């Protein structure tokens, strides 16, 4: 006699401990194995792109803080760069360096957090996360020193940055940079030499490079698959062409490679920061920009390498004070599109690991 | 041995005094036995609950320290009353019953878990002699194994009755995992039983002139790993994996029903710590200091080790856990039983005249354990356990845009 079995449909989310917000996956299971997966977005949709069309260019900067709410600096940067391109504004050199410093600090902070949450989703009981949190806290203190905020920084301005760094900032950052490589080594040794982590991550959720490119994945997700694509090198913005740094790439494209790429990127960010502090010039921090900016008619697209990939802003101006179109190219949404492809055939526990390794924040996916 | 601090002997003392007094007032013997067992139960509860409260406090406090945070420190000195505050909070919570769940089974499940956890304590030798045990069964170990596996029924009932898919997955995992680990655990105990030649718990402690962890290193390792799985503690907490299936079988439980699961978990932990202490760490025995000190000290040491593992390690996947049981622990346990049986035979036939204790076997067993683990780890990878080899995958991946052919680069 043949036993009749029927597929088991499980809704993971929208409220679930490891969906990091309100994301829903309708998973069809055969035992524990995933046979089908349907991602469902939109639980955090705030109509941001439409709202932005009714506000001035400067008023829209705080909106970008709420995209990926863990990395406001990079979001701010991508947006103000698009506006500057649209209006043809020249940014002072010191402001460019400050922007580089802030975005690399932000990258370290976010990678710490994403690795921490990744291990948490793999089943570590908060311990790696809280160790990572300790380092992130130092960075957040530095950000607070500069702009008075700990979460939604709203630091970048059209034409520059809002505040110059206080005198105690650079010594504190130097101290952080001095001890950070040691901490990265410590975490990497603790995690990546652990057989359990290797068992859980190696060979899991492999994203082949051609699939990644076809799905226009970017960031650590793409680089883990072995594609050497980083906007900072490929299309240098700010002053990134003056720094010496490497692009870490993976070989297989599995969850472990994504973890490894993030660890290596933190090391590279430390390198960039060290050079940026060395070269930091004196001067203005913000160009003269009218309060009510009216860019000429036209369109502009600017992109930065955010922690998850190519974050771009596409702006269309009709010559008025508000943008005609305000469009975000969200790397997290595009990275998420391959979720079904790379998690079919794996188990529930692997799905959680794969999902965590994609590293999304729903604020940016749903906008 | 009449000092007040021999509180474990107090256990025996109170019992004997009361029984003698009851006999003097001329009560029927069946009633005396009944009252005696009630007293025993109360004394065991008085022993178990303070230790469980201490465990809960230790868990929260020590794991906090592992994680660079102070931990609970507002309720009483060092946060010692935190378990009390937890209990009060849980007691006043509403009992929620899932709409289409099976209400009767939903009610019974935590009760079964709780009582299965408590019943094990009847046979533990917490003090010297036959009066240090509530019921010194001559099949003590067998009783422990039998009652210890009753909890699975509670887990499965809870998962089934909750009408929740996460609970069901947790319960299914629980049944598969706990039954798989029962086998190597029992086989690991067989080694100890072979050396002692008795199933009686007090006898096992009595025979340990040195802790059996030295004579049975492999058995200890297997039993300990099995015990972690049996307790659903990290890294084997697949049953309640909070990042995957929310809370596993007790997702739908709240209030006192949840508290019973929670308590049962800690009582089970205490039980396992006591079993490990009794079987492998020579129970209440120890030099100079009183019996109760050594007993509690060893139990807490075992618990601290469990905490350490929980704070450090990452959860395994369910198939890896099952593979580890059937492909690694089970063969090792079988080999261990054969080796131990051979050693006992050799000892009884030729060597028992030389020394009072089989010292040479300590070195032999440690060497065998080390070699076996290293060799079988290789076999285990061949059998499909452990991490995935990525070399083969890399070959497939290097077609098209891969590591070797670089795609659009700067």
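Brief remarks follow.
- Residue within the range B:323-332 that is crowded, with 16+ Cβ neighbours inside 10 Å, assigned to a helix (DSSP H, G or I), within 12 Å of another protein chain (Cβ to nearest Cβ) and in contact (Cβ under 8 Å) with a residue 12 or more places away in the chain present: yes
- Checking each residue of the range A:157-171 against the condition of being closer than 28 Å to residue A:332 by Cβ and either under 19 Å from the mean Cα position of the chain (by Cα) or free of Cβ contacts under 8 Å to residues at least 40 places away in the same chain (or both) gives no match.
- All of B:228, B:179 fail the test of being within 14 Å of another protein chain (Cβ to nearest Cβ), closer than 22 Å to residue B:157 by Cα and part of a helix (DSSP H, G or I), apart from B:228.
- When residue A:7 is tested against (1) surrounded by 13 or more Cβ atoms within 10 Å (Cβ to Cβ); (2) more than 26 Å from residue A:120 (Cβ to Cβ); (3) within 13 Å of chain B (Cβ to nearest Cβ), just one condition goes unmet, and that condition is (1).
- Hey, residue B:241 surrounded by 23 or more Cβ atoms within 10 Å (Cβ to Cβ) and touching a helix residue (DSSP H, G or I) at 6+ places or on another chain (Cβ under 9 Å) or not: yes
- The residues of the range B:68-105 that are under 26 Å from the mean Cα position of the chain (by Cα) and assigned to a loop (DSSP other than H, G, I, E, B), listed by number, are B:71, B:72, B:80, B:81.
- Residue in the range B:49-67 that is at pLDDT 85 or above, assigned to a loop (DSSP other than H, G, I, E, B) and out of contact with any strand residue (DSSP E or B) (no Cβ under 8 Å at 6 or more places or on another chain) present: yes
- The set of residues in the range B:303-317 being touching a residue at least 24 places away in the same chain (Cβ under 8 Å) and either more than 7 Å from every other protein chain (Cβ to nearest Cβ) or part of a helix (DSSP H, G or I) (or both) consists of B:303, B:304, B:306, B:307, B:308, B:309, B:310, B:311, B:312.
- Some residue of the range A:234-248 being more than 25 Å from residue A:93 (Cβ to Cβ) and crowded, with 23+ Cβ neighbours inside 10 Å: no
- The range A:231-259, residues that are within 26 Å of residue A:204 (Cα to Cα) and not in a loop (DSSP other than H, G, I, E, B): A:255, A:256, A:257, A:258, A:259
- Number of the condition not met by residue B:201 [criteria: (1) under 30 Å from residue B:91 (Cβ atoms); (2) touching a residue at least 40 places away in the same chain (Cβ under 8 Å)]: (1)
- Of all the numbered requirements in (1) crowded, with 20+ Cβ neighbours inside 10 Å; (2) over 18 Å from residue B:184 (Cα atoms), residue B:309 misses one, and that requirement is (1).
- Some residue of the range B:182-204 being within 14 Å of chain A (Cβ to nearest Cβ) and part of a helix (DSSP H, G or I): no
- Checklist (1) within 27 Å of residue A:190 (Cβ to Cβ); (2) in contact (Cβ under 8 Å) with a residue 40 or more places away in the chain; (3) within 14 Å of chain B (Cβ to nearest Cβ) applied to residue A:237, failing item: (1)
- Candidate set: the range A:187-203, residues that are within 23 Å of the chain's Cα centre (by Cα) and more than 18 Å from residue A:346 (Cβ to Cβ); chosen: the one nearest to the other protein chains (Cβ to nearest Cβ): A:191
- Among the candidates A:206, A:184, the residue that is within 7 Å of chain B (Cβ to nearest Cβ), more than 15 Å from residue A:306 (Cα to Cα) and touching a residue at least 60 places away in the same chain (Cβ under 8 Å) is uniquely A:206.
The values are calculated or read from the model by the stated rules, or taken from the named source; none is laboratory data. Note that this is a predicted model, so its numbers are computed, not measured. Using ideal geometry, Cβ is built from the backbone for each residue, glycine included, and neighbour counts are taken over all protein chains shown.
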